[in-house]
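The values are calculated or read from the model by the stated rules, or taken from the named source; none is laboratory data. Nothing here was measured: the structure is a model prediction, and the numbers come from that model. Positions of Cβ are generated from backbone atoms using ideal geometry, with glycine treated the same way; all protein chains shown enter the neighbour counts. Only protein heavy atoms, including side chains, enter the accessible area calculation; ligands, DNA and RNA are left aside. Shrake-Rupley method; radii C 1.70, N 1.55, O 1.52, S 1.80 Å.
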Amino acid sequence: MNTASLVVAAGLALTVTAEAVQAQSAFDGAYFGFGIGKGNAETGQEGTSLEMPDAKGAIGSALVGYTASTGALVYGVEADIAKTNMDGTGTCNLRPCSAEVKSLASVRARAGVVAADTLIYATAGAATAKVDLTAQDSLGGDHSDDKRVKGWVAGVGVERPVADGWNLRGEVMRYGFRKRDYDLDVPYTNMKTDMTAARVALTHRF
């Protein structure tokens with residue numbers, strides 16, 4: 001191989017290496033961000049026909065996290081907190097009732113691989129939400145009770161750099177919360193809430 005060929009090969013190698021480092025750095029370090037999305041929560045008494053109406057609506061969230069990379073592998077942790085307007089009305093025990101998810105938060109691990117400047121990842125961890133249930137008695141009076149429910153969350157997503165220090169992502173999450181008892185017109189025992197949410201978020205590294 002002559003000198004010119006060696007120079008060309010070295011230049012190509014440096015270009016490929018620089019592109020790899022640039023792609024890698026887009027997913028390294030601490031970051032914060034904001035997201036918007038939609039969710040659907042189902043609350044019911046397992047093993048019976050007692051189900052509250054689905055709570056549906058928008059989710060606005062703030063998040064912070066940290067990721068590092070080894071080659072194409074990216075891993076880290078993330079926490080988020082969200083305000084929601086998810087609610088729904090219907091009929092329970094032949095009387096009006098409603099369900100509402102007021103807030104949502106989670107702490108999760110994230111791990112994925114980078115391909116063509118895009119991070120494909122999975123995430124899982126602990127989650128909590130505030131759920132408010134309302135049911136009407138036979139005299140038309142409303143009885144409400146809200147509970148802080150705890151459980152798990154898992155999901156998948158994709159993330160890609162869109163500007164210097166800025167990344168755009170989309171993700172789908174599934175939440176499962178433990179059973180709680182609610183004191184409404186009558187006791188609503190062992191009520192379990194499950195939820196699915198989709199979100200897009202813009203993050204910035206610092």
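If residue 58 satisfies all but one of (1) modelled with pLDDT of 95 or more; (2) buried (at least 19 other Cβ atoms within 10 Å of the Cβ); (3) not basic (Lys, Arg), what's the number of the condition it fails?
(2)
Name the residues in the stretch 120-150 that are open to solvent by less than 20 Å² (accessible area, probe 1.4 Å) and small (Gly, Ala, Ser), would you?
Selection gives 127, 129, 135.
Could we say that residue 157 is under 30 Å from residue 72 (Cα atoms), small (Gly, Ala, Ser) and at pLDDT 95 or above here? Working first, answer last.
Working: under 30 Å from residue 72 (Cα atoms): yes; small (Gly, Ala, Ser): yes; at pLDDT 95 or above: yes.
Yes: the conditions hold for residue 157.
If you take the residues in the stretch 151-206 that are charged (D, E, K, R) and farther than 30 Å from residue 47 by Cβ, which one is surrounded by the fewest Cβ atoms within 10 Å (Cβ to Cβ)?
Selected residue: 164.
For the stretch 35-75, name all the residues that are more than 30 Å from residue 179 (Cα to Cα) and either in a strand (DSSP E or B) or in contact with a strand residue (DSSP E or B) (Cβ under 6 Å, 6 or more places away or on another chain) (or both). Don't jump to the end; show me each part of the working.
First pass over the stretch 35-75, keeping only residues more than 30 Å from residue 179 (Cα to Cα): 66-75.
Scanning the stretch 35-75 gives 66, 67, 68, 69, 70, 72, 73, 74, 75.
Restricting the first residue to the stretch 172-191 and requiring it to be over 17 Å from residue 132 (Cβ atoms) and at pLDDT 95 or above, which pairs with a second residue that is acidic (Asp, Glu) and not in a loop (DSSP other than H, G, I, E, B) meet a Cβ separation below 6 Å and a spacing of at least six or different chains?
So the pair list comes out as 176/194.
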